[in-house]
């Protein structure tokens, strides 16, 4: 099983802590880092679609439990 670290930083190159985090993660196969500032517009659209679908599914499940 891998651990995913979702990283949000506008300038990783200037961030001492985040550079160290990335370096440490690269030394192991158990950690994957996803730099959210490097996402393409297509990937962002896919994430937004997935988030919307998750909201719909959550609402449907909640409605079922309330019925």
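Of all residues in segment 12-53, those satisfying the criterion of being within 22 Å of residue 1 (Cβ to Cβ), in contact with a helix residue (DSSP H, G or I) (Cβ under 9 Å, 6 or more places away or on another chain) and not in a helix (DSSP H, G or I) are 31, 32, 33, 35. When the criteria are applied in full, residue 48 meets the requirement of being surrounded by 10 or more Cβ atoms within 10 Å (Cβ to Cβ), free of Cβ contacts under 8 Å to residues at least 24 places away in the same chain and under 18 Å from the mean Cα position of the chain (by Cα).
We did not get these values from a lab; they are worked out from the coordinates using the rules stated. Quick caveat: nothing in here was measured; it's all calculated off a predicted structure. Don't worry about glycine lacking a Cβ; one is built from the backbone with ideal geometry, like all the others, and counts go over all protein chains shown.
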